[in-house]
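All remarks here apply to the structure that follows.
Any read-out appearing in this document is the output of simple, stated calculations on the displayed coordinates, not a laboratory observation. As the structure is a computational prediction, the values presented were derived from the model and not from experiment. Quick reminder, even Gly has a Cβ in these numbers, built from the backbone with ideal geometry, and neighbours come from all protein chains shown.
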Amino acid sequence: MKLGIVGLPLSGRSTVFTALTGARGEEAAQLKKDQRIGTVKVMDNRVNFLSDMYQPKKTTFAQVEYLLPSDLHTGDSSKSENATWNQARICDALIHVVRNFQDAGGMDPSSEEDFRSVEEEMILSDLMVVEKRLERLALDDKRGRKSNKDEIDLLNTCKKLLDDGKPIRLDSELASAPLLRGFTFLSAKPQLVIINNSDEDDIMPKWRSIPEGIEMLVVRGKLEMDIASMEPEEAEEFLAEYNIETSALDRVIKCSYETQNLMSFFTVGSDEVKAWTIKKETPALEAAGEIHSDIQKGFIRAEVLAYPDLVDLGSFNDAKKAGRVRLEGKEYIVQDGDIINFRFNV
């Protein structure tokens with residue numbers, strides 16, 4: 001899962017990025033092709049439990065990759081549109097950081113207006129993409145090249161939404177349409193809005209209207225960044241002092257999973273215990289493909305045990321004797337926490 005961190009200048013994007021990627025003491029943040037990228041583990045007590053049970057050679061947690069694009073020129077009309085947002089477009093979802101603290105000059109925040117400003121830029125950027133593609137398809141028609149009518153219909157639906165100043169994500173079927181996937185529309189992406197507060201402020205600001213289709217989360221970015229750089233014992237003291245029950249990283253990951261409708265299933269064994277991230281409502285055949293295309297191609301059955309059943313019964317063999325281990329087919333909808341052994345033949 002790759003999350004792009006966007007927002008206006010001085011909103012605290014870099015601070016939030018550092019708070020997230022430094023929160024577990026991992027030297028994950030790096031500079032790559034003018035992008036700052038950080039990869040962190042998705043800590044999951046279920047993985048710890050399974051690892052303790054199976055004592056594998058390797059334990060692999062799910063991972064989240066945070067990207068701080070360098071090509072964002074929000075609020076700067078002098079920059080070429082073609083050089084704007086390209087890095088953010090490749091992300092699975094967006095984290096939109098909004099300033100809710102006084103800036104260095106003492107100016108009060110206007111968080112809702114700042115959010116709307118960036119939202120409008122994303123909508124405009126998508127509209128330009130749609131119009132350019134429709135123009136190209138119209139030109140192809142004049143030249144006798146047959147266009148895909150379904151694509152044209154979908155693009156026109158996008159255009160209507162965008163012309164009305166609305167993001168594509170408001171139409172979930174449109175946002176997930178396979179024919180539109182290659183356009184990587186910004187306003188179609190799931191979005192988590194981080195309200196970046198000052199150290200002493202943990203209150204969500206009052207907005208005139210809450211945007212549809214987004215999640216909002218208050219984070220004290222600078223405080224969380226400072227805590228992320230501390231030793232665990234010192235960090236715990238500060239978390240308690242500022243009444244922070246869960247770190248920004250864990251809250252952002254949880255909200256990111258919810259925003260994108262994601263969940264985890266597990267594979268276990270003496271070699272490796274591993275968490276796999278998939279969309280909810282994913283059938284077993286597609287889940288098998290997440291592991292390897294050969295497993296999907298040669299799929300026979302999925303041997304499935306629910307995680308709570310394993311915990312209750314104490315071992316895989318005891319769960320099997322109790323009839324809790326099931327053989328499921330290709331159409332079985334994988335559930336969060338399923339422990340799966342795929343039977344296949346290639």
Exercise. With springs only between Cα atoms under 10 Å apart, run a GNM on the chain and tell me which of Arg145, Arg89, Arg13 wobbles the most.
Key: Arg145
Quiz item: Using a Gaussian network model of the chain with C-alpha springs under 10 Å, which one of Ala319, Ala19, Ala88 is most mobile by mean-square fluctuation?
Solution: Ala319
Quiz item: How many Å³ per residue does the convex hull of the Cα positions in region 173-330 occupy?
Solution: 209 Å³
Practice problem: For n ≥ 4 DSSP H runs only, could you compute -39500 (n - 2.57) per run for the chain, divide by its residues and tell me the 222 nm figure to the nearest 500? | Solution: -11000 deg cm²/dmol
Exercise. Please list 189-197, 299-307 highest first by mean number of surrounding beta-carbon atoms within 10 Å per residue.
Key: 189-197, 299-307
Quiz item: Residue by residue through region 317-333, which ³J(HN,Hα) values in whole Hz follow from phi under the Karplus form 6.51 cos²θ - 1.76 cosθ + 1.60 (θ = phi - 60°), with glycine and proline marked x?
Solution: 5, 5, 5, 5, 4, 7, x, 8, 8, 10, 9, 10, x, 4, 8, 4, 8
Self-check item: Rg and Dmax [Cα atoms of region 281-344; Å; Rg one decimal, Dmax integer]
Solution: 11.8, 34
